[in-house]
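Worksheet: the structure to be examined is printed underneath.
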Amino acid sequence: MAPDRPAYTSPAPMATGPHPLSGPLSAPVLLRTPGGGGADPPTLLTAHGCWYPASDPRGEHVAFICDRAGVPQLWCGPAGGTEVHVLDGSPDPVIEVSWSPDGRWIAYTAAPGGGEHTRVLVVRPDGTGRKVLAGAGPGGSAHLGSWTRDGSALAVTVAQPSARGAEHRGSGHVPPDAAQAAAGRAAPEAGWAVRDGAARLLGTGAVPTASDKPTTGTEGLSSGGLAAYLMDPDGVNAPVLLFAEEGAASLRVCDVGAGGRLALVRRGPRGLREALVLDTLTGSTVWSEHVADGDPWIGRFSADARILWLRSDADREFAALLRVRLDDDGTAAEVTVAAEREGSGLELLSIPDHGRWAALAWNVQGAVELETVGLTGADTAQAPYRGVGPVHQRDLPHEVVTRIAPVGAGGLFAALSGSRRRPGIWSLTDGPAPTRTPWSARDEDAVPPGRPPVSPAPMRCRARDGLLLGGWYYRAPGNAAGRPAPCVLHLHGGPEEQERPVFNPLYHEILGRGLDVYAPDVRGSSGWGRSFVDADLGAGRFSAIDDVADCAAHAVELGYADPLRLGVMGRSYGGYLTMAALVWHPDLFRAGVAVCGMSDFDTFFSGTEPWIAQSAAAKYGHPDHDRDLLRALSPMSRIDQLRAPVLAVHGEHDTNVPPTESEQFIRAARERGVTAQQLTLRDEGHEFLRADNRRLYRRATADWLERHLGTQAAS
């Protein structure tokens, strides 16, 4: 590791950004905390996952996220050894990791209490010196950005409060209704959100009822903002403001060029993301370009900051690698396509500091093909690559790459997932074949003995308007070929996410109950081109709801699914789509499980985070301008059509989609005599990250579906 040295003290950028917040800016305050090291926690999960690798400058050590102790934590160890150790043993789940270019610090993002409000910390590679750089205040939130090239400062994004001083309401639970209490019906106990125990299954007693819905106006879309700062992890220099924007939907500093003159920023709402090249001395944006959704790390400057390499789908269906030649002031002198593929998008781009080569991960109908290309060679005639050097295809033992960490002259650490293994980290540094790191779980430990993983088959379905949909079909072991079986459609979130052929413990829990799983990509999903992603905008979302019914009909027509035992479930946007499918096609499905889903766009926009509302408005519609459309698209507007039993699952600290969205849907279902229950998971947010809660969620879901779709239900 590099020795300690004085913090960088050259002239700091003075930018305030072209869109400063109208209210006072609160710079992050560095907070020293106890060292994160100590005794390693016991291994609770044999079939654990390891992901998000970050290498030290020499490639000798790797920091990564691992859930072997039951919660995603920060670990570190020798790249080729087995002696890895936890660096932060707190119960707060870790989200992202980044090693400083000088080797002195490891930065990471953690979620206190498992919620959506995150903070950025740094720790020494030996586990000492842990500090919170940003997000330490009550209700604060911060996100990880890039390091400066010398490692002296780290960019962070912080959420700023409303300019009018109004605090965000955050997630909550529907309070008791006064009329219900007056009628003598039992009201839920006060403070039930902080109950004892890991979770509580609602439905056997009183269900919370809604108070008057708050009015949603433009205030929810203009309050607060995001600001990016450069933070000195040594605490010598004060934070330096790089960029601020009121009402921002997203903001990420992806790179700071050598010398600190230029910064690459990703900003904007979903579907309208753009890359900004900032002159940090003047605070001006000198160049911008549309970039794809998906991975936020969109590009890097060359070592001399004269070339910008950018992952972008500007004016094209699929993301490609752009080569942007920059003038002295940072403006684009020339933009060319350096690498592209017909029908496949560039999903991940990773470039080491020296900038001599890049790792490119291409999404090929859900699977990934990985290659490295030289960035200093002359133009070649080898289509589809122009302006890059030799191309080296990397053989992979599993289907999907989720993260790439460059090492030295040409090595890589890659986080891989596949349909027959848990997430693990592989070394692509020595030799032609990837090598599994010894601290990643073995493939044979993916599932308990006697239950081999099920690999899915690709499935294409033609929607009623002719649009071709993708997806994967999992056949439960023991279900005879040619004989229709009970089947559950699983709908992913986003909707810009994509169904991938990776190991999903939830699917295997359901498959173990004798139920097939069909996981389609309805319109709005990524991986199939920009036109497909945009096909659900506005009134097109009605067609996305119909896609669910068309996929179910397709599985029935093929003889895979029993039409009398169809279920539907999904998480986040998939939870919304589950509720929508149940009320738009009430006679099609026999059961549903809606996880962290939106039931009413009005209440969703009132309760979600301001920056999430900004981004969601670009995707779903504006809560004022499109009020009638959003009301028509809300499952609560058709709740009288609900027939099928429904289970709702939600994390109690979810401020992305507040728990009230599930609660009001379940309450309304029960008031109409429909079987409905809710499972609220403690210490979880929009994602379920703790092993005990994930296990409870899987089993509760599989129990519900088996009860209503399985052999007993059919008899």
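What the table shows:
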quantity	calculated
Condition check for residue 622: open to solvent by 10 Å² or more (accessible area, probe 1.4 Å) and under 30 Å from residue 267 (Cα atoms)	yes
Out of 553, 561, sole residue that is farther than 23 Å from residue 363 by Cβ and either free of Cβ contacts under 8 Å to residues at least 12 places away in the same chain or among the polar types (S, T, N, Q) (or both)	553
Pairs where the first residue, in segment 357-373, is over 18 Å from residue 312 (Cβ atoms) and open to solvent by less than 10 Å² (accessible area, probe 1.4 Å) and the second is polar (S, T, N, Q) and part of a strand (DSSP E or B), C-beta under 7 Å, 6+ apart	371/393
Among (1) surrounded by fewer than 22 Cβ atoms within 10 Å (Cβ to Cβ); (2) at pLDDT below 85, the one test that residue 421 misses	(1)
Every pair of residues 6+ apart whose Cβ atoms lie under 6 Å, when the first sits in segment 528-541 and is farther than 12 Å from residue 271 by Cα while the second is of a type in the set (Val, Ile, Thr) and open to solvent by 50 Å² or more (accessible area, probe 1.4 Å)	none
Flag for residue 594 being in contact (Cβ under 8 Å) with a residue 24 or more places away in the chain, assigned to a helix (DSSP H, G or I) and surrounded by 23 or more Cβ atoms within 10 Å (Cβ to Cβ)	no
Residue identified as farther than 25 Å from residue 110 by Cα, open to solvent by 40 Å² or more (accessible area, probe 1.4 Å), over 21 Å from the mean Cα position of the chain (by Cα) and among the β-branched types (Val, Ile, Thr) among 701, 675	675
Among (1) under 20 Å from the mean Cα position of the chain (by Cα); (2) within 13 Å of residue 330 (Cα to Cα); (3) of a type outside the set (A, V, I, L, M), the one test that residue 254 misses	(2)
Which numbered condition residue 516 fails, given (1) over 25 Å from the mean Cα position of the chain (by Cα); (2) surrounded by 23 or more Cβ atoms within 10 Å (Cβ to Cβ); (3) more than 20 Å from residue 591 (Cβ to Cβ)	(3)
Those residues of segment 460-476 which are open to solvent by 10 Å² or more (accessible area, probe 1.4 Å) and in a loop (DSSP other than H, G, I, E, B), in sequence order	460, 464, 465, 466, 467, 475
Candidate set: segment 223-280, residues that are among the polar types (S, T, N, Q) and within 27 Å of residue 314 (Cβ to Cβ); chosen: the one least open to solvent (accessible area, probe 1.4 Å)	280
Cross-chain or 6+ apart pairs with Cβ under 9 Å, segment 620-638 first and more than 14 Å from residue 579 (Cβ to Cβ), then part of a loop (DSSP other than H, G, I, E, B) and of a type in the set (Val, Ile, Thr)	622/218; 623/216; 623/218; 624/216; 624/218; 627/216
Number of the condition not met by residue 16 [criteria: (1) under 30 Å from residue 267 (Cα atoms); (2) in contact with a Leu (Cβ under 8 Å, 6 or more places away or on another chain); (3) at pLDDT 85 or above]	(3)
Tally of residues being more than 18 Å from residue 620 (Cα to Cα), hydrophobic (A, V, I, L, M, F, W, C) and in contact with a strand residue (DSSP E or B) (Cβ under 7 Å, 6 or more places away or on another chain) across segment 554-601	13
Options 556, 583; residue that is part of a helix (DSSP H, G or I), under 26 Å from residue 466 (Cα atoms) and open to solvent by 40 Å² or more (accessible area, probe 1.4 Å)	556
Filtered residue count, segment 120-158, keeping only those that are on the phi < 0 side of the Ramachandran plot and small (Gly, Ala, Ser)	11
Test set (1) open to solvent by 50 Å² or more (accessible area, probe 1.4 Å); (2) modelled with pLDDT under 75 - residue 205 fails condition number	(1)
Near pairs, Cβ below 9 angstrom, 6+ apart or cross-chain, from segment 474-499 (free of Cβ contacts under 8 Å to residues at least 24 places away in the same chain) to any residue that is open to solvent by 50 Å² or more (accessible area, probe 1.4 Å) and among the charged types (D, E, K, R)	481/475
Members of segment 44-59 found to be under 23 Å from residue 124 (Cα atoms) and under 26 Å from the mean Cα position of the chain (by Cα), listed by number	50, 51, 52, 53, 54, 55, 56
Extreme residue, farthest from the chain's Cα centre (by Cα), among residues of segment 117-140 that are buried (at least 23 other Cβ atoms within 10 Å of the Cβ) and under 23 Å from residue 653 (Cβ atoms)	133
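Here is a yes/no grid of residues against (1) modelled with pLDDT of 95 or more; (2) open to solvent by 20 Å² or more (accessible area, probe 1.4 Å):
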site: 446; (1), (2): no, no
site: 450; (1), (2): no, yes
site: 478; (1), (2): no, yes
site: 505; (1), (2): no, yes
site: 525; (1), (2): yes, no
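The values are calculated or read from the model by the stated rules, or taken from the named source; none is laboratory data. Predicted, not measured: the structure shown is a model, and the values here were computed from it. Counting neighbours? That spans all protein chains shown, and the Cβs are built from the backbone with ideal geometry, glycine included. For the accessible areas, the whole protein counts, side chains as well, though only heavy atoms, and no ligand, DNA or RNA atoms are used. Shrake-Rupley method; radii C 1.70, N 1.55, O 1.52, S 1.80 Å.
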